[in-house]
1. Hey, among the residues in segment 219-233 that are buried (at least 19 other Cβ atoms within 10 Å of the Cβ) and outside any helix (DSSP H, G or I), which one's nearest to the chain's Cα centre (by Cα)?
2. What do you reckon, is Ala98 closer than 30 Å to Gln167 by Cβ, in the same structural domain as Gly212 (by TED's automatic domain parsing) and in contact (Cβ under 8 Å) with a residue 60 or more places away in the chain?
3. List the helices (runs of 4 or more DSSP H) that sit entirely inside segment 30-138 and contain at least 1 residues that are polar (S, T, N, Q).
4. Let me spell it out: the conditions are (1) in a loop (DSSP other than H, G, I, E, B); (2) touching a residue at least 12 places away in the same chain (Cβ under 8 Å); (3) surrounded by fewer than 20 Cβ atoms within 10 Å (Cβ to Cβ), and Thr178 meets all of them except one. Which number is the exception?
5. How many residues are of a type in the set (A, V, I, L, M) and more than 18 Å from the chain's Cα centre (by Cα) if we restrict to segment 61-89?
6. Only residues that are touching a Pro at 6+ places or on another chain (Cβ under 9 Å), assigned to a helix (DSSP H, G or I) and closer than 16 Å to Gly111 by Cβ: list them for segment 273-309, please.
7. So how many residues does segment 263-287 have that are over 21 Å from Trp202 (Cα atoms), buried (at least 22 other Cβ atoms within 10 Å of the Cβ) and among the polar types (S, T, N, Q)?
8. Could you tell me which of the residues Gly216, Gly205 is surrounded by 21 or more Cβ atoms within 10 Å (Cβ to Cβ), in contact with a Lys or Arg (Cβ under 8 Å, 6 or more places away or on another chain), not assigned by TED's automatic domain parsing to the domain that holds Ala94 and not hydrophobic (A, V, I, L, M, F, W, C)?
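The values are calculated or read from the model by the stated rules, or taken from the named source; none is laboratory data. Note that the coordinates shown come from a computational prediction; the quantities given were computed from them, not determined experimentally. Every residue, glycine as well, gets a Cβ built from its backbone with ideal geometry; the counts of neighbours run over all protein chains shown.
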Amino acid sequence: MIARLACTVAVAAIAASSLMSPVIAQDWKTELPVFRIGLLGGENEADRLRKNECMVQQLGDKLGVKIELFPASDYAGVMQGLLAGQLDTASLGASGYAGIYLQNPDAVEPGFVALENDGSDGYYAMMYARSNSGIKDLEGMKGKSLAFADPNSTSGYLVPKAELEMQDIEIDKYFSSTGFGGGHEQAVVAVLNGQYDAGVTWTSGQGEAKDGFTRGALRSMVDKNLLDMNDLSIIWKSNLIPNGPWVIRKDVPQEAKDLWADWLGNLHETDYECYKEVSAGDGKGFKKVDHQFFENVVQMRKRELEGSR
């Protein structure tokens, strides 16, 4: 991917330089001829590309440079792409942002989080089981198997693990086994197929459970006819988690940052259908945030890393 990206950047740079008039006004575009957007894993690649096609067109028009999407197979791929300067922006979970910050505080800056339908800026981790499993609550999971979504997921690993441990549950002893499903959507499929007794995922917690709520992995699967919520039961819910941010590399030229922020910050009003695709469901728009919004999650992730050493 790196070699292909380098070739694309070179070609785009030549094309951009030939169109500059005057040159001074276009200087930042020679530095950033291609704007690269990382897409987290969690659902299949074709769906991720389709949902973000409106961003390719609209943000490309706004910036005046080519937009490229890079769907990673897992969260770590996007995180490493941002850290290495191979990606310019991405939508992350709070834990993913914390993981980048703890490796390099100067790599990226948070810009926006999506607001829920009631204007709140948080969501929930929920544990689900097959509705015919007989498992009704967390107590019923003792001695059963649990699928986490991804080791870098906030709702699919970090928060559920931390909150269960705060309830004096020893993960390795309480559950018969745990594992990673390879993403939110994949973990749901694994539970439905009987590979695990339950899993954890993210949801707005708002709207009707039968619809998969208003936003989240369950809602996305319902909308794609991949899930009937009658097949699942919600058996546990976390405390409120800060919504994950859209981040941008700190060394992206300021004019490009400003254009990116103007497009994203106004998307709810300019194109609500595109907003729903980009933000993974209904909501009240994007809210400007900074690092402080995620400080508690950063400290939680730091403790998790220290505990694993």
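1. It comes out as Leu227.
2. Criteria not met by Ala98.
3. 53-63, 75-83, 94-103
4. Result: Thr178 passes all but (1).
5. 4
6. Of everything in segment 273-309, those that are touching a Pro at 6+ places or on another chain (Cβ under 9 Å), assigned to a helix (DSSP H, G or I) and closer than 16 Å to Gly111 by Cβ turn out to be His291, Phe293, Phe294.
7. Qualifying residue count, segment 263-287: 0.
8. Values: Gly216 fails: in contact with a Lys or Arg (Cβ under 8 Å, 6 or more places away or on another chain).
Matching residue, one of Gly216, Gly205: Gly205.
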